[in-house]
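Novice: Handing you this structure, nothing more for now.
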There are 2 protein chains.
Amino acid sequence: MSNLAKPNLRRRARVEINECGMAQSAFVFGDKWILLIMREAFYAVVRFEDIQKDLSIPRAILTNRLGRLIDLGIMTKQPYQEAGARVRHSYHLTLKGRKAFKILAAMMEWGDEYLIQNPKMQIVDGTTKSHLRLGLINELGQEVPQKQIALEPKR
Amino acid sequence: MSNLAKPNLRRRARVEINECGMAQSAFVFGDKWILLIMREAFYAVVRFEDIQKDLSIPRAILTNRLGRLIDLGIMTKQPYQEAGARVRHSYHLTLKGRKAFKILAAMMEWGDEYLIQNPKMQIVDGTTKSHLRLGLINELGQEVPQKQIALEPKR
DNA sequence: TTATCTAGGTTCAAATGTCAAACTTAGCAA
DNA sequence: TTGCTAAGTTTGACATTTGAACCTAGATAA
């Protein structure tokens, strides 16, 4: 009772949910199946059956989430035809979807650090094969360490 | 029918869910309330009532998710005491939780680009006030453009 | 011709999760 | 004694998720 922590309980000015990109993103990416389906897409798994088997996702859920991703403009459904088969469909990331890569990359870094024993995959520069990691970069192109960052209202 | 897209349908070797940090992270962060509660934590909102009001989250759900975050080691519950009041509790990110900042930062960038009209908040260097953004950085400390990256098995 | 296979779905009933609103509890103050 | 507040718990209606079975259209096989 004597040495209780004395945190600063002064509350920041409330940042409205609907004016905050972080909060709005939470409504899109705050769903495990959405994230796992996007993982498949980044791993170039594009067919309904393949995604379904990889993830063991209930078929109705996969249909639902692919629909949601298409409505959001994150993925598209494209027809294709293999020799001796009828037209089928495959699912691909749009630019908007590919732009979400850093979200998945950040999850990969964190998961590899805290949830996985020895990770199998890594993010590399495709040309040099140099291993890549995420960093917060200032306007001069220099990385800024975590402890130095702050969340502030725009000027 | 003539000019159907001809995507590469060759499937990558399957990356097992339980050997993939990205997939395992999806089970943690693939929940909108978990993400929104962590947002509150990064915005220094630490009390049950304050979080509940900011997010309009059902109280039972908030209790459940705070418990989950504590079990995961992402947050801790700390006692504190204000003058003329009994001991209360506040919720804080652990190091493990703070290390997830880049996940939220990536969501903020994406959400500010695609979901929000004019964003109110930004990530800055606390000392220089320079605006920060996320980038993929190679071993030389240089940023590598999106189109150049690849996901590969570890050597 | 009839049957079989496959990709990409629907449909179903049971289990689980979410929600808002009401209730609970402990300590403090009037 | 009564009321207030922070931090929950309980309740019962409603929505979502799940696995398993079913459906459908083209292609080929018998």
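The values are calculated or read from the model by the stated rules, or taken from the named source; none is laboratory data. Just so it is clear, the structure is predicted and the values come from calculations on it, not from any experiment. Virtual Cβ from ideal backbone geometry, glycine too; neighbours counted across all protein chains shown. We work out accessible area using only protein heavy atoms, side chains counted, and drop any ligands, DNA or RNA first. Shrake-Rupley method; radii C 1.70, N 1.55, O 1.52, S 1.80 Å.
Novice: What is the distance in Å between the Cα centres of the range A:50-122 and the range A:16-39?
Specialist: 15
Novice: How large is the charge dipole for the protein assembly as shown, taken about the Cα centre, if only the Cβ atoms of Lys, Arg (+1) and Asp, Glu (-1) carry charge, to the nearest 20 debye? If you can, show how the numbers build up before the last one.
Specialist: Values: 50 positive and 32 negative charges, 79 e Å.
Roughly 380 debye, rounded to the nearest 20.
Novice: Sticking with this structure for a sec: At 7 Å along Cα-to-Cβ for each site, give me the label-to-label distance between A:Q78 and B:V87 in nm.
Specialist: 6.1
Novice: Which one, A:L95, A:G30, B:G21, projects farthest toward the positive side of the charge dipole computed for the protein assembly as shown from Cβ point charges (K/R +1, D/E -1)?
Specialist: A:G30
Novice: How far apart, in nm, are the 7 Å Cα→Cβ label points at B:T94 and A:K120?
Specialist: 2.8
Novice: By how many nm would the segment from B:Q146 to B:Q52 lengthen if fully extended, with 0.36 nm per residue of separation less the alpha-carbon distance?
Specialist: Working: separation 94, 0.36 × 94 = 33.84 nm, distance 3.79 nm.
Gain on extension, B:Q146 to B:Q52, equals 30.0 nm.
Novice: Calculate, for B:R155 and A:R155, the FRET efficiency according to 1/(1 + (r/R0)^6) with r their C-beta to C-beta distance and R0 41 Å; round to the nearest 0.05. Walk me through the intermediate numbers first.
Specialist: Values: r = 46 Å, r/R0 = 1.11.
Computed FRET efficiency for B:R155 and A:R155 comes out at 0.35.
Novice: With a 1.4 Å probe and every protein chain left in place, work out the accessible area per residue of the range A:1-153 in Å², rounded to a whole number. Don't skip to the answer; put the middle values down first.
Specialist: Working: 7580 Å² over 153 residues.
Value returned for the range A:1-153: 50 Å² of accessible area per residue.
Novice: So which GluC sites (Glu not before Pro) in the range A:28-106 pass both tests, a DSSP loop state and at most 10 other Cβ atoms within 10 Å of the Cβ?
Specialist: On the way: sites: A:E40, A:E49, A:E82; in loops: A:E82.
The qualifying sites are A:E82.
Novice: Counting other Cβ atoms within 10 Å, which chymotrypsin sites (Phe, Trp or Tyr not before Pro) in the range A:82-141 have at most 16 and lie in a DSSP loop? Walk me through the intermediate numbers first.
Specialist: Details: sites: A:Y91, A:F101, A:W110, A:Y114; in loops: none.
Here no loop site has a sparse enough neighbourhood.
Novice: Using only DSSP helix segments of four residues or longer, with each worth -39500 (n - 2.57), what per-residue ellipticity at 222 nm results for chain A after dividing by its residue count and rounding to 500?
Specialist: Working: 6 runs with 59 residues, N = 155.
Estimated from H runs of four or more residues: -11000 deg cm²/dmol.
Novice: Chains A and B: how much accessible area gets covered up at their contact, both sides added, probe 1.4 Å, in Å² to the nearest hundred?
Specialist: Details: alone 12820 and 12830 Å², together 15750 Å².
Counting both chains, the buried surface is close to 9900 Å².
Novice: Quote the charge dipole size of the range B:17-148 about the Cα centre in Debye, to the nearest 20; the model charges only the Cβ of Lys and Arg (+1) and of Asp and Glu (-1).
Specialist: Working: 18 positive and 14 negative charges, 89 e Å.
Result for the range B:17-148 is approximately 420 debye, rounded to the nearest 20.
Novice: Right, something else. Hey, rough spin-label estimate for B:K129 and B:R59, points 7 angstrom out along Cα→Cβ, what's it come to in nanometres?
Specialist: Going from the B:K129 label point to the B:R59 one covers 4.2 nm.
Novice: Once fully extended, how much extra length lies between B:E19 and B:E113, figured as 0.36 nm per residue of separation less the alpha-carbon to alpha-carbon distance?
Specialist: Values: separation 94, 0.36 × 94 = 33.84 nm, distance 3.17 nm.
Contour length minus Cα-Cα distance gives 30.7 nm.
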